[in-house]
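The values are calculated or read from the model by the stated rules, or taken from the named source; none is laboratory data. Keep in mind that what you see is a predicted model, and the values were worked out from it rather than measured. With ideal geometry, Cβ positions are generated from the backbone for all residues, glycine too; neighbour counts draw on all protein chains shown.
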Amino acid sequence: MSKSVYSLVLDDDVVNEVDKLALTMNTSRSSLINTILAQKLELNTPEMRMKEIFAAMQSLMNSRFQLVEQPSDSMMSVKSLLRYKYRPTIRYSVELARDFGGKVGRLIVRFRTTSAELIGIVERFFVLWQDLEKAHLSHLFTGGFPSSISQGRFTRDFFSPKQESLSDEDIGRAIGRYIELMDSCIQQYFDNLADPQLAAKLTEKTYKNYLSQGVLIL
């Protein structure tokens, strides 16, 4: 859905109330007015779709996740505490694409730490995770696998299979399920640092079990 600039004449009192509501919803005046008009006209805007996807994601998040204040309508972040020494934070940020015709969005996983030791362990897990995904899913991506690792940060793009017609709830639950899976595997990996081979084996077993249940988004 494309956007253009239009001029509207509105009462100052109306604009003031719109601004107040937009502030509480952490959105812009234009975005809120666009949403209100779309709802009145029974249209489904990208912002409305994003809201539905994020709601479905959040419905899967159990008590170990904490919602982080959202910087924009297109992004949602949650964090969890790692069971490791001083309890560093893992943050999972999802930024959705406005056009859901192909790429759904991007996940960025990062740790808040200055410990070189922890960053090294984290990057080893990310390499293990990336290798697992490539081994099982790379045949679906002719242009290269859509993930990268840099300075203790993991980035993964999500795509909707062309043959599938996914609802917003399907997309949200699929992304939420992926985040839950990855967080569980990270916690499990750190619980078994004393035995790296066991940690890797448990991660692979959990990941394969995830795949066996069917993957909606790639």
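Residue count for region 166-218 under the criterion of being among the hydrophobic types (A, V, I, L, M, F, W, C), in contact with a helix residue (DSSP H, G or I) (Cβ under 7 Å, 6 or more places away or on another chain) and farther than 19 Å from Val104 by Cβ: the result is 6. Reported count of residues in region 78-100, each being under 30 Å from Leu166 (Cα atoms) and either among the acidic types (Asp, Glu) or not in a strand (DSSP E or B) (or both), is 5.
Considering every residue within region 126-147, establish whether at least one is of a type outside the set (A, V, I, L, M), in contact (Cβ under 8 Å) with a residue 24 or more places away in the chain and within 19 Å of Ala56 (Cα to Cα). No, the conditions are met nowhere in region 126-147.
Taken over region 134-147, the residue count meeting the criterion of being in contact with a Lys or Arg (Cβ under 8 Å, 6 or more places away or on another chain) and not in a helix (DSSP H, G or I) is 3. Taking the numbered list (1) surrounded by fewer than 17 Cβ atoms within 10 Å (Cβ to Cβ); (2) outside any helix (DSSP H, G or I) in turn, Phe158 passes all entries but (1). Pairing each residue of region 185-213 that is closer than 18 Å to Ser80 by Cα with any residue that is charged (D, E, K, R) and not in a helix (DSSP H, G or I), provided the two are 6+ apart or on different chains, yields C-beta distances under 9 Å for Gln187/Arg64; Gln187/Arg83; Phe190/Arg83; Asp191/Arg83. Filtering region 29-73 to residues that are part of a loop (DSSP other than H, G, I, E, B), at pLDDT 80 or above and either buried (at least 17 other Cβ atoms within 10 Å of the Cβ) or not assigned by TED's automatic domain parsing to the domain that holds Arg98 (or both) leaves Met61, Phe65. Being in a helix (DSSP H, G or I) and under 20 Å from the mean Cα position of the chain (by Cα) is the requirement here; does Gly176 meet it? Yes: the conditions hold for Gly176.
Could you tell me whether Arg110 is more than 11 Å from the chain's Cα centre (by Cα) and at pLDDT below 90? No, not satisfied. Using the structure shown, decide if Arg124 is at pLDDT 90 or above and assigned by TED's automatic domain parsing to the domain that holds Arg98. Taking the combined requirement at face value, the residue satisfies it. When the test is whether a residue is in a loop (DSSP other than H, G, I, E, B), over 25 Å from Ile149 (Cα atoms) and at pLDDT below 80, Asn26 passes it.
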